[in-house]
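These notes concern the structure reproduced below.
The values are calculated or read from the model by the stated rules, or taken from the named source; none is laboratory data. Small disclaimer: the values here were computed from a predicted structure and weren't measured. Methodologically, a virtual Cβ is constructed for each residue, glycine included, from the backbone with ideal geometry; neighbour enumeration extends over all protein chains shown.
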Amino acid sequence: MKHSFLLLFLMFLATSCQFFETERVSSEKIYTEEIEAINWKDVDRYPYFSNCEDSLEKPEQKNCFINTIRTQIHQSISHGSLVAAREVYDTVMVNFEVSSNGKLSILQIKMDTVLQKEFPNLEQWLLESIDSLQPVSPAYKRGIPVKTQFVLPVVIQTN
């Protein structure tokens with residue numbers, strides 16, 4: 001009886017090692033899985049100005065950021081003398097980015113040639129209004145500041 005119990009115990013020890021084995025996972029496999037899981041088109045926190053710092057939800061953060069820029073552009077354009085020879089209703093597309101260190105810069109301004117002829121200073125006013133918005137805090141992805149790009153439509157309408 002003692003021998004059979006001892007034999008059973010030894011067999012259990014010999015076969016139980018497989019239950020304690022762990023699967024080895026390479027660091028490259030973990031890195032690849034993590035990279036594939038990241039949504040590169042989205043950020044964890046949008047860029048923000050000091051007036052938007054209290055926005056907790058991502059949609060509120062983005063709306064506050066865009067509305068602050070929109071308000072500044074509107075004020076800058078309305079202070080300029082927008083006098084047109086004819087009625088104008090057009091959209092200017094302003095492509096801009098916020099760098100990872102918080103610098104706001106215009107990449108491109110797309111506007112119709114008729115609009116350029118009607119308002120030759122419009123591009124300069126847009127550039128000045130964006131420059132006056134410094135400083136801005138950058139967007140964050142996984143706790144790291146990242147560069148983000150935006151396209152802002154600006155509607156120009158005269159009465």
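Rundown of residues vs (1) touching a residue at least 40 places away in the same chain (Cβ under 8 Å); (2) hydroxyl-bearing (Ser, Thr, Tyr); (3) closer than 19 Å to residue 89 by Cα; (4) in contact with a strand residue (DSSP E or B) (Cβ under 7 Å, 6 or more places away or on another chain), yes/no style:
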{"site": "125", "(1), (2), (3), (4)": "yes, no, yes, no"}
{"site": "134", "(1), (2), (3), (4)": "no, no, no, yes"}
{"site": "148", "(1), (2), (3), (4)": "yes, yes, no, yes"}
{"site": "153", "(1), (2), (3), (4)": "yes, no, yes, yes"}
{"site": "158", "(1), (2), (3), (4)": "yes, yes, yes, no"}
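Scan region 121-136 and tell me whether some residue there is in a strand (DSSP E or B), small (Gly, Ala, Ser) and within 30 Å of residue 44 (Cβ to Cβ). Break it down into steps so the answer makes sense when it comes.
Residues of region 121-136 that are in a strand (DSSP E or B), as a first pass: none.
Scanning region 121-136 turns up no residue that is in a strand (DSSP E or B), small (Gly, Ala, Ser) and within 30 Å of residue 44 (Cβ to Cβ).
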Open item on the list: Looking at (1) under 17 Å from residue 157 (Cα atoms); (2) not in a strand (DSSP E or B), which one does residue 90 not meet, given that it meets all the others?
Closed with: (2)
Task: Cross-chain or 6+ apart pairs with Cβ under 7 Å, region 23-51 first and over 18 Å from residue 99 (Cβ atoms) and surrounded by 10 or more Cβ atoms within 10 Å (Cβ to Cβ), then at pLDDT 80 or above and not hydrophobic (A, V, I, L, M, F, W, C) - done: 51/68
Task: Unmet criterion (only one of (1) at pLDDT below 70; (2) closer than 28 Å to residue 136 by Cβ; (3) aliphatic (A, V, I, L, M)) for residue 38 - done: (1)
Open item on the list: Tell me whether region 111-127 contains one or more residues that are at pLDDT 90 or above, of a type outside the set (Asp, Glu) and surrounded by fewer than 15 Cβ atoms within 10 Å (Cβ to Cβ).
Closed with: no
